[in-house]
Amino acid sequence: MKPKTSGKKYLLLLLLLLLFFVYVTFGPFLKIAIFSLFYKDNPDTLVSIPVAEKPSGKIDSNLVANWDTGCLIPDRHSAWAERHTFSFKSDGTTNHKRYSGSSCDNLAVDHDDQMTWEIVGNGKINLYYSTGGKIYDIYELSNNTLKFGHGFCNCSDMGGAYGVDEGDRFVKLNDFLLYKKQ
């Protein structure tokens, strides 16, 4: 007579396979979600974000303009849409706005960031929030299109960087957030 195989073993195996699937599918987004816990506006932040200093670097006059992504939806099944604008000024100030909603028809401003900016190297830009904190970023201008390393994307790999310090500067351009010169 064969011993009965416990259904608990199969349930455990099924649970492990399900957890593995969830990790593989949502792991990259989990990194983003965890990082967002430490966002500069979070009053319960566990990370000390340095107060932004006044930039002393160079200004790229080609960036001085108004830039707009238009409405972006990560995939056709998404219930999320965003639009981003930047307004770079020659005095080293900029304004970034993020509009978000469940569709392109009902976007509302949910971020209105006053910042300063400076070019610190070829294709390298630092963005300083007026409320403290900064983004160590990269950028590329091509014709009337501007790309950064940071931002909302329809990708699973953001290059492993989050721009929180010089050693963590973005290394991969975001091909989803394409700003058009206005």
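When R83 is tested against (1) in a loop (DSSP other than H, G, I, E, B); (2) touching a Cys at 6+ places or on another chain (Cβ under 7 Å); (3) free of Cβ contacts under 8 Å to residues at least 40 places away in the same chain, just one condition goes unmet, and that condition is (1).
Checked against the criterion of being under 13 Å from the mean Cα position of the chain (by Cα) and closer than 25 Å to K58 by Cβ, the candidates K180, K124, K147 yield just one match: K147.
Among the conditions (1) closer than 19 Å to V164 by Cβ; (2) out of contact with any helix residue (DSSP H, G or I) (no Cβ under 9 Å at 6 or more places or on another chain); (3) β-branched (V, I, T); (4) part of a strand (DSSP E or B), the only one that I125 does not satisfy is (2).
Just one of the listed residues (K89, K134) is assigned by TED's automatic domain parsing to the domain that holds W67, of a type in the set (D, E, K, R) and at pLDDT below 95, namely K134.
Scanning the stretch 94-124 for residues that are without any contact (Cβ under 8 Å) to a residue 24 or more places away in the chain and within 16 Å of F170 (Cα to Cα) yields a total of 3.
The values are calculated or read from the model by the stated rules, or taken from the named source; none is laboratory data. Bear in mind the structure is a predicted one, so any value in this text is a computation, not a measurement. Because the Cβ atoms are built from the backbone with ideal geometry, glycine has one as well, and the counts that use them run over all protein chains shown.
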